[in-house]
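**Q** Shown below is the structure under consideration.
Rule-based calculations on the coordinates, nothing more; no lab input. Given the structure is predicted, the values throughout are model-derived calculations rather than measurements. Note: ideal-geometry Cβ built from the backbone for every residue, glycine included; neighbour counts use all protein chains shown.
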């Protein structure tokens, strides 16, 4: 089996399990909506307009929803020793990473795709063409978030404190891309010239590329038995 | 086994000797910078905190970078001693990180008027600090020493790759942190910012302080490495 087909088979397996249960997906979407609501209700409506908070809220919501999604990625495999079965399968560890990463990315993008229009609606963001650019930034950020997150969640799942350790270890890695994504979002929404936000997008793209390559190289070390 | 324990004890002793020498040098730095160096014109006495703050930043960054470098070596050589060194270096890095994060606000209060200004450089030191706090949380949650070493090396390498991104974000983010006095990015000749950044009388204690903190790092890490080695031997004896 070629490496690409193996990765697609693993991603397909994960997504099929998600689709059959839908518990994780529904929970992640509801969680994202709840985070949006928390921001609406945790402010003084008289002094702070939702629109002023919009860029920050978007990135807090997407980062937290990603954390929730990544937590389940390997917990699924821990039950009934499924991970051992996966490691015994005649596929390379790199394919295993790509399969897991693709499934995580698809999962996160679905959650993002539902949360994004709700964010536009709840926070009174102008529905202009610039929103497509912000959506593009969200896709770029999701690629980096999940590349790092897949590797880290494969490690934290080996401990009894997986749910606690994942955010503690992952968030420091997510802060540079969050800074870049939020920096770009603010400027795009204010219709600033491209020169002012393109640097952030380039940084985000570089982060994705570097950490995808690094994670492909390091994941086999994590999975060594 | 006894010979190995003796070797570990000898390493600890060597580490302590280096640490004592470094601490005596540190006392000399205090005397030199507080008593024999004039106050800086603009910042006054607050400037003197630089003699602890900047070398701590150097030692902490060196400590964290070495954790990553040793992580790469670990995957290459598969030597468990490298993991002991990484653990020691990370722990010592946390000590120097604590120094940066306390001296930074103490300096910022009289100069900027606030304890914490969300200055990117201090913020990202905090970030690196938290990353290594996570590193220790993960290590303590793992019982298998081989797994602990492997995962430690992975986080160390990922942290090492994250450092340039942290620096890039710092420079893209608007900063009010003073420009580095050593190793600052090149700028066009004749530009006022390119002028010799610090007069020799103020620079000399700083350079001595950098040397002292490097020695302090070596002393701390050698001691901590020896302690780690002895702890590992005790664990092995328990399981035998």
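**Q** Can you give the relative contact order of region A:82-178 as a percent, counting alpha carbon pairs under 8 Å and 6+ residues apart? Mind dumping the intermediate values first?
**A** Numbers: 37 pairs, mean separation 27.2, N = 97.
Dividing the mean separation by the residue count of region A:82-178 yields 28 percent.
**Q** Sorted from fewest to most neighbouring beta carbons within 10 Å, what does the list A:43, B:121 look like? Don't skip to the answer; put the middle values down first.
**A** Values: A:43 15, B:121 20.
Placing the least packed residue first, the sequence is A:43, B:121.
**Q** What number, in percent, do you get for the relative contact order of chain B if the mean sequence gap of Cα pairs under 8 Å and at least 6 apart is divided by its residue count?
**A** Numbers: 246 pairs, mean separation 98.4, N = 240.
RCO, chain B: 41 percent.
**Q** Okay, next question. Using a Gaussian network for chain A with springs between C-alpha atoms less than 10 Å apart, which of these wobbles most: A:23, A:61, A:146?
**A** Of A:23, A:61, A:146, the Gaussian network model singles out A:23 as fluctuating most.
**Q** By how many degrees, 0 to 90 and rounded to 10, does the Cα axis of helix B:145-172 deviate from the longest principal axis of chain B?
**A** The two axes meet at around 10 degrees.
**Q** Could you work out how far the C-alpha centroid of region A:114-164 sits from that of region B:101-131, in angstrom?
**A** 28
**Q** Using only the Cα atoms of region B:51-114, construct the convex hull and provide its projected area averaged over every direction, in square nanometres to one decimal. If you can, show how the numbers build up before the last one.
**A** Details: hull surface 17.9 nm².
Its average projected convex-hull area is 4.5 nm².
**Q** Continuing with the same structure: What is the Cα centroid distance between region B:20-51 and region A:33-77, reported in whole angstrom?
**A** 47
**Q** Can I ask one more? Using Cβ contacts closer than 10 Å as the measure, can you line up A:153, B:33 from fewest to most? Walk me through the intermediate numbers first.
**A** Details: A:153 26, B:33 21.
So the residues, fewest neighbours to most, are B:33, A:153.
**Q** So how long is each side of region B:65-174 along the principal axes, counting just the alpha-carbon atoms, biggest first, in Å?
**A** Extents along the principal axes: 49, 25, 19 Å.
**Q** Please compute the Kirkwood hydrodynamic radius of the protein assembly as shown from all pairs of different C-alpha atoms, in Å with one decimal.
**A** Numbers: mean 1/r = 0.0407 Å⁻¹.
Computed over the protein assembly as shown, the radius equals 24.6 Å.
**Q** For region B:1-92, what is the largest minus smallest coordinate of the Cα atoms on each principal axis, given in angstrom and ordered from greatest to least?
**A** Ordered largest first, region B:1-92 gives principal extents of 57, 29, 14 Å.
**Q** Restricting to Cα pairs below 8 Å that are 6+ residues apart, what does the relative contact order work out to for region A:9-137? Please round to a whole percent.
**A** Answer for region A:9-137 is 44 percent.
**Q** Looking at the square roots a ≥ b ≥ c of the eigenvalues of the Cα gyration tensor of region A:1-139, which shape do they give, rounded for a/c under 1.5, prolate if a/b is larger than b/c, or oblate?
**A** Values: a/c = 3.41, a/b = 2.22, b/c = 1.53.
Because a/c hits 1.5 or more and a/b exceeds b/c, region A:1-139 counts as prolate.
**Q** Please identify, among A:109, A:58, A:86, the residue showing maximal mean-square fluctuation in a Gaussian network model of chain A using a 10 angstrom Cα cutoff.
**A** With Cα springs under 10 Å in chain A, the top fluctuation among A:109, A:58, A:86 is at A:86.
**Q** While we're on this one: For the protein assembly as shown, what does the helix formula give at 222 nm: sum of -39500 (n - 2.57) over DSSP H segments with n ≥ 4, over the residue count, nearest 500 deg cm²/dmol?
**A** Working: 14 runs with 368 residues, N = 465.
Calculated from helices alone, the mean residue ellipticity at 222 nm is -28000 deg cm²/dmol.
**Q** To continue, here is another question. Taking every pair of distinct Cα atoms and averaging 1/r, then inverting, what Kirkwood hydrodynamic radius in Å comes out for chain B?
**A** Working: mean 1/r = 0.0510 Å⁻¹.
Kirkwood hydrodynamic radius for chain B: 19.6 Å.
**Q** If each residue's Cβ is checked for other Cβ atoms within 10 Å, how do A:21, A:80 rank with the fewest at the top?
**A** Numbers: A:21 12, A:80 8.
In increasing order of surrounding Cβ atoms, one gets A:80, A:21.
**Q** Once the Cα atoms of helix A:3-21 and of chain A are each reduced to a long axis, what angle between those two axes, in degrees from 0 to 90 to the nearest 10, is obtained?
**A** Tilt of helix A:3-21: around 70 degrees.
**Q** Here's something else I'd like to know. Distance from the Cα centre of region B:214-240 to that of region A:190-225, in angstrom?
**A** After rounding, the separation between the Cα centres reads 37 Å.
**Q** To test your reading of the geometry: what angle, between 0 and 90 degrees and rounded to tens, separates the Cα axis of helix A:50-78 from the longest principal axis of chain A?
**A** For helix A:50-78, the angle is close to 10 degrees.
**Q** Still on this structure, I have one more. How big is D, in µm² s⁻¹, for region A:69-225 by Stokes-Einstein at 10 °C and 1.306 mPa s if Rh is the Kirkwood radius over C-alpha pairs?
**A** Numbers: Rh = 16.8 Å.
Taking Rh from Cα pairs, D becomes 94 µm²/s.
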